[in-house]
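Asker: Structure below; questions to follow.
The values are calculated or read from the model by the stated rules, or taken from the named source; none is laboratory data. In this text, all values refer to a predicted model and were calculated from it rather than measured experimentally. Please note: Cβ atoms are built from the backbone with ideal geometry, for glycine as well, and neighbour counts cover all protein chains shown.
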Amino acid sequence: MTVPVPANSGPVGTVGEGAPEESGIVSGTTESDGIADGVDEPVEAATPPDGAAEPEPVSANPTGPLDGTADFRMALVSSVTVDLPNQHPAVCLREMETPRRQLTFHVGLQDGVALSHAMRRIPTPRPLTHELMSEVLQRFDIDLVAVRIVGRVGTVHFAELDLRGRAGRSVHGCRPTDGLILALQQPVQVPILIDARLLESGDDVPPPGTTA
């Protein structure tokens, strides 16, 4: 039986030891899932004004659009569900264009609840960690250009934030849930990109900066 993660859940306890850390599987199905509120339409990444030079990346290990070597596919957060008796939420990302493949991975309970809150833009009495981070980025005029899912080793997935601010452009490694939550909390919808190799098979895809 599949049960959606409650969006209006209160504080949850710490996930016990043994909980998967961004674990996952690849599904090549093309079935349509319900799309959460607020993520129905794709929005392209912000571009600099005409004639303005693109800031040079300051990351020591840029990937994806910054170096043009990877093939990324735009995706939407399709669902966050709990499939009992498994108590760890499953996050499903769906490719926006044909063949609309899916990438699914499991996360900790607290991460699943936080992502569910972000999908539905449910306010909280006090800012949660991701809400605070999002506010800090906005106050310092730092744009979240994109969130990219860049690798997988075993059941662990890897992601990165592509940021652009007054000092230039930089890339920062992060957990997939952290990147997705921040993306959903931005005033303007942020592109979510998946390395195409993650959608094509269940094999390992070493993240940038590692060897196969």
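Asker: Among the residues of the stretch 131-168, write down those that are among the basic types (Lys, Arg), out of contact with any Leu (no Cβ under 7 Å at 6 or more places or on another chain) and buried (at least 16 other Cβ atoms within 10 Å of the Cβ). If you could, list the steps in order and put the result at the bottom.
Answerer: Taking the stretch 131-168 first, the residues among the basic types (Lys, Arg) are 139, 148, 152, 164, 166.
Now narrow it down to the ones that are out of contact with any Leu (no Cβ under 7 Å at 6 or more places or on another chain): 139, 164, 166.
The one that is among the basic types (Lys, Arg), out of contact with any Leu (no Cβ under 7 Å at 6 or more places or on another chain) and buried (at least 16 other Cβ atoms within 10 Å of the Cβ): ARG164.
Asker: When only residues in the stretch 80-89 that are outside any strand (DSSP E or B) and either touching a residue at least 12 places away in the same chain (Cβ under 8 Å) or acidic (Asp, Glu) (or both) count, which is surrounded by the most Cβ atoms within 10 Å (Cβ to Cβ)? Break it down stepwise before answering.
Answerer: Here is the first cut: in the stretch 80-89, the residues outside any strand (DSSP E or B) are 84-89.
Narrowing the set further to residues that are either touching a residue at least 12 places away in the same chain (Cβ under 8 Å) or acidic (Asp, Glu) (or both) leaves 84, 86-89.
On the way: LEU84: 9, ASN86: 11, GLN87: 14, HIS88: 18, PRO89: 25.
Per the stated criteria, the residue is PRO89.
Asker: Check CYS92 against each of (1) at pLDDT 50 or above; (2) surrounded by 11 or more Cβ atoms within 10 Å (Cβ to Cβ); (3) in a loop (DSSP other than H, G, I, E, B) and name the one condition it does not meet.
Answerer: (3)
Asker: Can I ask one more? (1) small (Gly, Ala, Ser); (2) out of contact with any Lys or Arg (no Cβ under 6 Å at 6 or more places or on another chain); (3) more than 20 Å from VAL80 (Cα to Cα): which one isn't true of ALA159, the others all being true?
Answerer: (3)
Asker: Considering only helices (runs of 4 or more DSSP H) fully contained in the stretch 96-212, which possess at least 1 residues that are over 22 Å from LEU76 (Cβ atoms) and at pLDDT below 95?
Answerer: Working: elements: 109-120, 129-139, 176-185, 196-200.
It comes to 109-120, 129-139.
Asker: Something else about it: Can you tell me which condition ALA183 does not meet? The list is (1) of a type in the set (A, V, I, L, M, F, W, C); (2) within 24 Å of LEU109 (Cβ to Cβ); (3) more than 12 Å from the chain's Cα centre (by Cα), and all the others hold.
Answerer: The number of the failed condition is (3).
Asker: Condition first: under 17 Å from the mean Cα position of the chain (by Cα) and within 19 Å of GLU160 (Cα to Cα). Now tell me which residues in the stretch 120-136 satisfy that.
Answerer: THR129, HIS130, GLU131, MET133, SER134
Asker: Yes or no: the stretch 129-142 includes at least one residue that is of a type outside the set (S, T, N, Q) and touching a residue at least 60 places away in the same chain (Cβ under 8 Å).
Answerer: First, pick out the residues of the stretch 129-142 that are of a type outside the set (S, T, N, Q): 130-133, 135-137, 139-142.
This time we only want the ones that are touching a residue at least 60 places away in the same chain (Cβ under 8 Å), so: none.
No, the stretch 129-142 has no match at all.
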